[in-house]
1. Does residue 85 meet the test of being under 24 Å from residue 148 (Cβ atoms), under 18 Å from the mean Cα position of the chain (by Cα) and assigned to a helix (DSSP H, G or I)?
2. Regarding residue 126, is this residue surrounded by fewer than 23 Cβ atoms within 10 Å (Cβ to Cβ), part of a helix (DSSP H, G or I) and out of contact with any strand residue (DSSP E or B) (no Cβ under 8 Å at 6 or more places or on another chain)?
3. Can you tell me which residue within segment 157-174, out of those that are outside any loop (DSSP other than H, G, I, E, B) and touching a strand residue (DSSP E or B) at 6+ places or on another chain (Cβ under 9 Å), is nearest to residue 86 (Cα to Cα)?
4. Please tell me if residue 93 is more than 30 Å from residue 33 (Cα to Cα), modelled with pLDDT of 95 or more and either in contact with a strand residue (DSSP E or B) (Cβ under 8 Å, 6 or more places away or on another chain) or part of a helix (DSSP H, G or I) (or both).
5. When you scan segment 130-156, how many residues do you find that are part of a loop (DSSP other than H, G, I, E, B), in contact with a helix residue (DSSP H, G or I) (Cβ under 8 Å, 6 or more places away or on another chain) and over 21 Å from residue 115 (Cα atoms)?
């Protein structure tokens, strides 16, 4: 059961690219937008464990390194649902600033949903150690695998999560990912800008910041 009662404002502001404390007008907008999103969003998730090695899952050198110390992997997806997307689209027609804020809050909320899934998996697989989540599109991990992830999880039928011809997830506020599972502690490795496919064009990097998915060693 996923239960999000508040959205991480710091992360939402990071997505907005803002700096410093929001003023009263922005705080009021954040409050209203958060309430609307929490009401609209219907978080859902799926996961499935598979043994390693797994040929279709291990395409590219980055994911092979990521899963090198693991004997199993958990493939997962999570979404805020079509209602969250609809809220953003309606706001884009009538109130673009509100739409931008809701979009940022939805991105932050999606990460919170994934973090809750991480905790649920840790509770259900007590004694196991997990790598961090690695998604199609990171490094040399093919974005085309979005379709294989959803097929493996039966996500279109079970939670209505699909992928477009250009391999974008629908609803948009959704994530697919894989995490390695081991009976022993696994190295955390590198993450964030080091493996991101958008690192050369990233607006956050141009400002000397980051999206929140930080490098760890």
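1. Answer is yes for this residue.
2. When the stated conditions are applied, residue 126 does not pass them.
3. Across segment 157-174, the extreme among qualifying residues is 170.
4. no
5. The total comes to 3.
The values are calculated or read from the model by the stated rules, or taken from the named source; none is laboratory data. Small disclaimer: the values here were computed from a predicted structure and weren't measured. Every residue, glycine among them, receives a Cβ derived from its backbone with ideal geometry; neighbour counts consider all protein chains shown.
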